[in-house]
Structure formats: C-alpha cells, structure tokens
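Take a look at the structure below.
The values are calculated or read from the model by the stated rules, or taken from the named source; none is laboratory data. Small disclaimer: the values here were computed from a predicted structure and weren't measured. Positions of Cβ are generated from backbone atoms using ideal geometry, with glycine treated the same way; all protein chains shown enter the neighbour counts. Side chains are part of the model used for accessible areas, which takes the heavy atoms of the whole protein and leaves out ligands, DNA and RNA. Shrake-Rupley method; radii C 1.70, N 1.55, O 1.52, S 1.80 Å.
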Amino acid sequence: EADIYQTPRYLVIGTGKKITLECSQTMGHDKMYWYQQDPGMELHLIHYSYGVNSTEKGDLSSESTVSRIRTEHFPLTLESARPSHTSQYLCASRPSRDIHTQYFGPGTRLTVL
Amino acid sequence: GDSVTQMEGPVTLSEEAFLTINCTYTATGYPSLFWYVQYPGEGLQLLLKATKADDKGSNKGFEATYRKETTSFHLEKGSVQVSDSAVYFCALSDLDRGNTPLVFGKGTRLSVIA
C-alpha cells in the first residue's frame, strides 16, 4: 500500500490569501496528480506531473499552480484564494512499473470565505 | 476520447440487499478497468481491477467482470452492509495512450440502511 500524505486536511481562509496545499509520497512514484472534487463528488483533473521538473495542466482550467522539484513532493499553490476555490482537493500518485493503479491521499478540504 | 459512464445515484439499499452499479466505457485502445471507493472524509481507494477481457476483479465481496463485447464493467455485491456506504468510481486506463491519467466516471453514492 502506498503512503501518500496531504496537509492540511482542513483549511478555512479569507479571500485574497495565498495558500499552498502540500502533497508528499514516500514510494518514489514518478507520476503525481491533483484533482478537484466538487460537491457532487465528480473528480476533475487540474494538474499532473510525470517526474521532476515536469508539470502539465489537466482537463479543468484552474487558477492554481504546481511545482515538482523533488520526486516525493508535489505542492499546489493558489496565489489569491476566492470563494469559488472552495472544494475538496485530492492528490494521487502512480508508480512507473504499475501503470494502472493510482494511489490517493486523504484530501484537503478548503473553504474560502 | 476515452470516457466512462456510470449510473447516477444516489443509490439507497437495505442491509443484505443485492447491489449493482452499472459502468460502461468508451476507449480507443484496450483499456484496463477499475473500481475505486471513497469512504466519507477520505481519499479514493482501489477496490478492484481487471486488465483484460473476461477477467473478473474481486475484493471484499465485490465483483466486476470486464465485458469487451458490451464495453461494461458493472460492480456487484450479493449482500451489502452499512459499512459499504460510500461513493464508488469506475475508471479506465488506456495503454494505447501511454502515460495519461486514469479516466474516472462521475461517481455513484451508495447508502446502506440497517
């Protein structure tokens, strides 16, 4: 079982604040992903990475940015949070050898007031 | 492009009832198929998978068979428990598309009442 961590688990902030959601995995997985999950539970891919210094935008346009400086770390940053950013954010990773299975973190529930 | 369609919820069942959640897919290649489960307040967990036609994935009493002729991967369980209450996602991974992320359905919420 993969170990993938997200912090914080819950965050309530005011409009205009800059925030960074952390995601780390200890399995050495090359591929990492960020999803935004709406209240209806549908998942929307917002960013992904194939490895260090690789980042791609996903299917859903997002005002967030990501970086991948280390294999184990894939933080997501919102420069200026707005109420429309209120959502659940899920991080996932996938090893190169097992190209099928994605492992998910527990999620960060973000509320922007 | 690739897509997954699963039955809309919510689905509400009594304990020990039979469960079916339908899932069909469209893929250009020869995909692998998955069911993920999300319990309240948690991330998604892999429930079961199948990588080729006629394969049956199974776990925790849940089963799904990869049907290439009907492009389906329906999830079934013979007797649900309250602890099965969760959101279930069908997903596919298309080998012909290399490194692309999994494609997920919209999720089906299951509530099991005692």
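Once the Cα gyration tensor of the range B:26-93 is found, what semi-axes does its equivalent ellipsoid get, as square roots of 5 times the eigenvalues, in whole Å, sorted largest first?
22, 14, 9
Starting from the Cα of B:LYS56, draw a straight line to each of the lysines and keep only those under 22 Å, dropping any in the same chain fewer than 8 residues away.
Reachable lysines: B:LYS68, B:LYS77.
With label points built 7 Å along Cα→Cβ from the Cα atoms of A:THR20 and A:SER61, find their separation and express it in nm.
With each label placed 7 Å out from Cα toward Cβ, I get 2.7 nm.
At a Förster radius of 25 Å, what calculated FRET efficiency corresponds to the Cβ-Cβ distance of A:SER54 and A:ASP3, to the nearest 0.05?
0.70
Starting from the residue with the highest accessible area, list B:MET7, A:MET27, A:MET32, A:MET41 in decreasing order, probe 1.4 Å.
A:MET27, B:MET7, A:MET41, A:MET32
Shielding by partners for B:43-49, please: the mean number of other protein chain Cβ atoms within 10 Å of each residue's Cβ.
Across the residues of B:43-49, the mean count of other-chain Cβ atoms within 10 Å is 5.
Mind checking which of A:TYR48, A:TYR35, A:TYR103 has the largest fluctuation in a GNM of chain A, springs on alpha carbons under 10 Å?
It is A:TYR103.
Hey, rough spin-label estimate for B:SER14 and B:THR26, points 7 angstrom out along Cα→Cβ, what's it come to in nanometres?
According to this spin-label approximation, the distance is 3.9 nm.
Given H placed on each backbone N at 1.01 Å, which residues far from B:GLY9 in sequence or on other chains put an amide H within less than 5 Å of it?
Result for B:GLY9 returns B:ARG109.
Can you compute the modelled spin-label distance between B:SER85 and A:SER96, with each label point 7 Å from Cα toward Cβ, in nm?
4.4
For the protein assembly as shown, restrict the atom set to alpha-carbon positions and state the Rg and Dmax in Å.
Cα only, the protein assembly as shown: 17.6, 52 Å (Rg, Dmax).
Using a 1.4 Å probe on the protein heavy atoms only, what accessible surface does A:ARG70 show? Give it in Å² to the nearest 10.
120
How big is chain B along each principal axis, measuring the range of its Cα positions in Å and listing the largest first?
Extents along the principal axes, in whole Å: 44, 28, 21.
Scaled to the compact-protein estimate 2.2 N^0.38 Å, what is the alpha-carbon radius of gyration of chain A, rounded to two decimal places?
1.00
With solvent modelled as a 1.4 Å probe, how much accessible area in total do chains A and B shield from it at their shared surface, in Å² to the nearest 100?
The contact between B and A buries close to 1800 Å².
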